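> Got a structure here, written out as structure tokens. Questions coming.
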Amino acid sequence: MTDLLRLGLVVALLGLGMAYSVRAGKLTTAAVWTGGGLGVLIYLGSGFTGLALLALFFGLGTAASGWRVADKRRLGLAEENRGRRTAGQVVANAGVAGALGLWAWQWPLHAPLARLMLAGSFAAATADTLASELGNVYGRRYYNVLTLRPDTRGLNGVVSLEGTALGLAGTAVLAAGYCLGAGWGPAFGWLLMAGTAGNLADSVLGATLERRGYLGNNAVNFLNTLTGASVAGALAHWLR
């Protein structure tokens, strides 16, 4: 298959995903086009493996957000706008991956590192989404991540053992998806650590800067993915 045919297939696949997202009310119109553009950059830098990671994150995140949504609404824990993602939320969760895709595409010598970091960003985003969305449903006790004292479910910076474990499980799915495309090795463990670090950073920022109004949720999510990417890159650099 020629490069032009591959790109045509990618555009068609992204187009189908975009159409589904609009029809199902998962994304706003601006978010759909933003996600499509980021998807192209991710493909150009990391191929179908990168697209698979994007699809895994989107699928797992959408499923987690919609899981027992009636209970979440009753408790005041459901996402605003009925879970319909905005362009800002798309950039917050996939903007780092798009930038890394561009890096890998334009600087091929750095592509292996950039692709691993891209996977780290998605691992962190998935861990955070599953930890919060499913932790609010299945958690039994909730603690402030800084003080480890009991705190209110759903507040920024509040974690549960169950939610953290589910976030780690989501990270493992993303790590396995990356390794299926790039080959099995130490990268699986690096991505587990990267996803966990990003999730922890998200909670710490939530308990401090977000609670005090210095950062919004989109900024915290962006820093979460940046942390995941940075930790994955650092581990690859120092332990390879």
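The values are calculated or read from the model by the stated rules, or taken from the named source; none is laboratory data. Note that the structure is a prediction, hence the values are computed from the model and not measured. Methodologically, a virtual Cβ is constructed for each residue, glycine included, from the backbone with ideal geometry; neighbour enumeration extends over all protein chains shown. In case anyone asks, the SASA skips ligands and DNA or RNA and just uses the protein heavy atoms, side chains included. Shrake-Rupley method; radii C 1.70, N 1.55, O 1.52, S 1.80 Å.
> Once every DSSP H run of n ≥ 4 in the chain is given -39500 (n - 2.57) and the sum is divided by its residues, what mean residue ellipticity at 222 nm do you get, rounded to the nearest 500 deg cm²/dmol?
The helix-only estimate for the chain comes to -25500 deg cm²/dmol at 222 nm.
> Along the charge dipole of the stretch 58-185, Cβ charges K/R +1 and D/E -1, which of Ala176, Thr126, Gly163 sits furthest on the positive end?
The listed residue farthest towards the positive side: Gly163.
> Report the charge-dipole magnitude of the chain in Debye, nearest 20, computed about the Cα centre from +1 at each Lys and Arg Cβ and -1 at each Asp and Glu Cβ.
For this selection, approximately 460 debye.
> Looking only at Ala165, Ala24, Ala131, which one moves most when the chain is put into a Gaussian network model with springs between Cα atoms under 10 Å?
In the Gaussian network model the winner is Ala24.
> Relative contact order (percent) for the stretch 74-167, with alpha-carbon contacts under 8 angstrom and 6 or more residues of separation?
Worked out over the stretch 74-167, it gives 23 percent.
> While we're here: If you roll a 1.4 Å probe over the heavy atoms of the protein chains, what accessible area per residue do you get for the stretch 152-240, in Å²?
Using a 1.4 Å probe on heavy atoms only, each residue of the stretch 152-240 averages 48 Å².
> If R0 is 22 Å, what FRET efficiency do you get for Val11 and Ala176 from their C-beta distance, rounded to 0.05?
Computed FRET efficiency for Val11 and Ala176 comes out at 0.25.
> Kindly rank 40-53, 204-217 from highest to lowest mean number of other beta carbons found within 10 Å of each residue.
Answer by packing, highest mean first, reads 40-53, 204-217.
> Compute the relative contact order of the chain as a whole-number percentage, counting only Cα pairs closer than 8 Å that sit 6 or more residues apart in sequence.
Value for the chain: 22 percent.
> So, with a 1.4 angstrom probe, what is the percent of accessible area on the stretch 97-160 that is carbon and sulfur?
The C+S portion of the solvent-accessible surface of the stretch 97-160 is 58 percent.
> Test of understanding: in a Gaussian network model of the chain with alpha carbons linked when under 10 Å, which of Ser21, Ser203, Ser132 would top the mean-square fluctuation ranking?
Per the Cα network of the chain with a 10 Å cutoff, Ser21 tops the list.
> Could you quote the convex hull projected area for the chain, Cα atoms only and averaged over all directions, in nm²?
13.0 nm²
> Also: Heavy-atom accessible area per residue, the stretch 19-91, 1.4 Å probe: how many Å²?
53 Å²
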